[in-house]
Amino acid sequence: MAITKINKLPDDVVSTAKVDDNTIVNVDISPSNTIDQSKFSGLASSLQDASTNIGTVTTLVTSACSQNDNNYFNIALLGFKMAVNEGLTVFNLVDGVIDEFNDESGTDEAEGSNDNYCASNDFYDNINPSCAAQATTVVSEPFASGIADPTSSRIVVFQENVDTPTLNTDIIASVSRDGGTTFTAATLADSGYVTGASGQRILTGQATISGQPSGQSMRWKLALANNKVKIHGVSLSWA
C-alpha cells in the first residue's frame with residue numbers, strides 16, 4: 001500500500017495543546033525576512049492611528065491643565081480686587097488664601113527680615129532708610145490646609161516696580177506645607193498688569209511641594225534683593 005504524504009497541514013491541525021513546552025527554540029524560527037511584509041500593513045496602519053490618537057489626547061490634556069491654571073490665577077485676581085474694595089485683610093478661599101496687606105496680620109514679622117510695611121498705602125517694600133534696595137524677606141503666617149499633604153501650589157504676587165527687578169532673582173517666591181521648615185521655589189512669570197499698562201503687575205507661579213515633609217500648614221515666602229519693589233498682596237492656593 002502506497003504511503004500518502006501530507007504536503008500541507010490542514011488549518012487548525014496544530015494547536016497550542018499539541019506543542020510540548022520548550023520544544024520550539026530560536027533556530028526553529030525562520031528569519032523575519034521570509035515573512036511577506038504585506039502582512040504587516042494593517043498593523044502599521046493601526047499603530048500609526050494609535051500614535052495619532054495618543055498625540056491628540058496629550059494635546060487635549062495639556063490644554064485642559066493650562067486652562068485650569070488660568071482659572072486659579074483669575075480667581076486670585078478677582079479675590080484680590082474684592083479684598084481691596086472691601087478693605088479685607090486676609091481673604092480665605094477654598095484651599096487658598098489672599099492677603100491684600102490691609103494690615104500686617106497675615107504676615108509673620110518674626111520670620112521676616114527688613115520687611116518694611118507702609119500702613120498708609122498697604123504694601124511691603126525692600127527700601128532701606130537711605131533709599132537703597134536691601135535684602136528683604138516677607139513670610140506669611142501659617143494657613144491650615146483643608147486637605148492632607150497638598151502636592152501642588154500656585155502663587156500670585158501683586159507687585160509694583162520702583163527699579164527694574166529680575167524675576168526669580170530679585171523677586172523669589174517659595175511655598176511650604178510644613179509650616180515653614182521647608183520651602184520650594186516657584187518660577188514666577190509676568191502675567192500683565194492688574195489694570196491698564198502700568199502700576200501693579202500680576203506675577204504668577206507654581207511649585208510642586210509633594211517632596212516636602214508631611215504637613216498641612218501652608219506658608220508663602222518672598223525674598224527681595226538688588227532692586228527696589230513694592231509688594232501689594234499675595235495669593236496662595238494648593239491642591
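Derivation of every value follows stated rules applied to the coordinates shown; laboratory data play no part. Note that the structure is a prediction, hence the values are computed from the model and not measured. Cβ: placed from backbone, ideal geometry, glycine included. Neighbour counts: every protein chain shown.
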* Express in % the proportion of alpha carbon pairs of the range 171-218 at distances exceeding 16 Å. => 48 percent
* To do: Once you have all Cα-Cα distances for the range 109-177, histogram them in 5 Å bins from zero and send the whole-percent values.
  => 3, 12, 22, 25, 17, 11, 7, 3, 1, 0
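Antiparallel versus total DSSP beta bridges in the range 145-228: what percent is that, nearest 5? Each step should come with its number before you reach the end.
Working: 21 of 23 bridges.
Around 90 percent antiparallel, to the nearest 5.
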* Asked: If you wrap the range 98-239's Cα atoms in a convex hull and average its projection over all directions, what's the area in nm²?
  -> 8.0 nm²
* Residue-wise, which Karplus ³J(HN,Hα) couplings in Hz belong to the range 161-169, taking 6.51 cos²θ - 1.76 cosθ + 1.60, θ = phi - 60°, and x for glycine or proline? -> 6, 10, 9, 10, x, 9, 4, 6, 10
* Asked: Across the range 93-108, in residue order, what do the Karplus-derived ³J(HN,Hα) couplings come to in whole Hz, using 6.51 cos²θ - 1.76 cosθ + 1.60 with θ = phi - 60° and x for Gly and Pro?
  -> 10, 6, 6, x, 8, 10, 10, 8, 6, 5, 7, 9, 5, x, 10, 9
* To do: Tabulate in residue order the Karplus-calculated ³J(HN,Hα) for the range 192-207, using 6.51 cos²θ - 1.76 cosθ + 1.60 with θ = phi - 60°, rounded to whole Hz; enter x for Gly and Pro.
  => x, 9, 4, 9, x, 10, 7, x, 6, 9, 9, 9, 10, x, 9, 9
* Asked: Tally Lys and Arg at +1 and Asp and Glu at -1 over the other residues with C-beta under 13 Å from the C-beta of ILE171: what net charge comes out?
  -> -1
